Structures are given as C-alpha cells and as structure tokens.
Amino acid sequence: MSDRWERLTDLYHAAVALPADERTALLTEECGDDPVLQADVARMIAAHDRASAGRLVEPPATETIDRFGPYRILKEIGHGPTSTVYLAARDDGRFKQRVAVKVIEGEMDPVFALERLRSAHQALSSSDHANVAWLIDSGITEEGRPYAVMEHVQGEPVDVYANGRRMSVTERLELFLQVCKAVSHAHRRHVTHGDLKPTNVLVTSSGVPKLLDFGIVAAPDTPHVDIRALGGVLDALLGGGPSNGERRPLRGD
C-alpha cells in the first residue's frame, strides 16, 4: 500500500469518527498542502454518510456525468446491478486513448473498493500479461463512487466466440488454457478476481482472450473462489447449458 493511500485511509477513518462540524477543520489542517487529497477524503466521507443513512448513492437526476479526470465519456456500453461501464477517450492533449471506465455502484464501502482497485492495479501493472486487460487508473467521482479506468477490449465472451466459430474441443481447451495462465499470473501476484465468468473473458478478433475486472469485486482474498469459477467457464466452453444441464454437440473427442 502506498504512503499516499495510507494517509488517505487514515484521514478518512479519523474524520468519520468525528462529529460532522469538526471534519472540515481536520481536513483543512491535515491537507492544506494537498487539495486533491482533501477532495478525495471529502468524497469518501460523503459516500459514507449517505450509505449510513440507508440511501443509495445516486447522482442528482438533472446531472449527467460527462468525464472522469482527463477522460471524456463517449457512450455507455454496459450496465449491471453493481456497476456501469462507459467508453471514454482521453482528451487532455497528451495522447489519444480510448478506455473503458467502470463506475462501482451500490453501497460498497468506497475506501475498501478503492483499496482493492489500486492494489490490483499496482500488482498487475508491474508485469504486463497479454491475457489481462490493463488497469490504467482509478479514482472516485464527485458523488463518492469508486471507478476504474481500464483498457478497452473489443471482443466477444469466450463461449460466444467459441460457439460462433464452431471450435473443436481441443481448440476450446487451448483457449481455456490461456485463461488459466492469466489467472495464475494474477494469483502469483496475490490478486484474485472474484467474479470470473464468460462475460468477463472477452476474446479479440485475433483470438486473444482478455480477462476483465480484476480488483473490481469485493471477494475473499483467496484463489479458491477463482478456481471454482474457472470450472464454470470451462463448462460453458464445453457446451454446458445454464439451467437444464444439456450439452450442445461439439466437434472432436
């Protein structure tokens, strides 16, 4: 954990333990030389207060989020019960880059969510792996929602990709082996995924599987959850039906 992250979490925990009218004075005194840090802590406190009051953290109905830092939102490309994903482009003049921005929603503790995101980012960015989508950046919105800026992967879920190309059992197993190697790469760096499923394994047009969303889900810090989930990915790849247990015919043994 970085020194800056330790300072941020220490200030957050110290502030939420104080009465509301004393928090501003604490942040002003401790963060006078770092307005960015002060703003991050203030957003986390606001998210904590809203969650404690039993309300979902939602932006005002009239407000539209159009950027995250230097990244300008182009369109929404996915939405689920715990997150919304946007296609975005960097437009600060330094370089052009399209990315996926995933905003974590619901009542997850923002400190815990950001800790997982940044820890995964630090661990995996130290050694690029061809089958792991890059975590580029992370932060929190004005409403206190954690978000991750990731490599934008254009591809299909691994089972859809295999079925659409009528791949043989051998070809499917070779694809699955690449997925296993990516998971192993992350586990050696003490990073678990927590939500492995076919829709989080996209295969590009050139046939390269990419694992998405490492560090997004609050999962037990153990590889066992990922190993069990890999069994589900393999079952989907080998034609297993999601509910009736029937199997689609495949070419090969």
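Throughout, read-outs are computed from the coordinates displayed, never taken from laboratory work. Owing to the predicted nature of the structure, the values given are computational and were not obtained by experimental measurement. Here Cβ is always computed from backbone atoms with ideal geometry, including for glycine, and neighbour counts include all displayed protein chains.
Side notes on the structure shown:
- With R₀ set to 22 Å, the beta-carbon distance separating His13 from Ala46 gives a calculated FRET efficiency near 0.90.
- The stretch 141-213: C-alpha gyration tensor shape, a/c 1.5 cut-off, then a/b vs b/c: oblate
- Projecting label points 7 angstrom from Cα along Cα→Cβ for Ala20 and Cys180 puts them 5.5 nm apart.
- Backbone HN-Hα couplings from phi across the stretch 69-76 [Karplus 6.51/-1.76/1.60, Hz, Gly and Pro as x]: x, x, 9, 9, 6, 9, 6, 7
- Residue-wise HN-Hα coupling along the stretch 24-38, computed from phi with Karplus coefficients 6.51, -1.76, 1.60 (Hz; x: Gly, Pro): 4, 4, 4, 5, 5, 5, 7, 10, x, 9, 8, x, 5, 4, 4
- Whole-Hz ³J(HN,Hα) from phi, Karplus 6.51 cos²θ - 1.76 cosθ + 1.60, for the stretch 163-169, glycine and proline x: 5, x, 9, 6, 5, 6, 4
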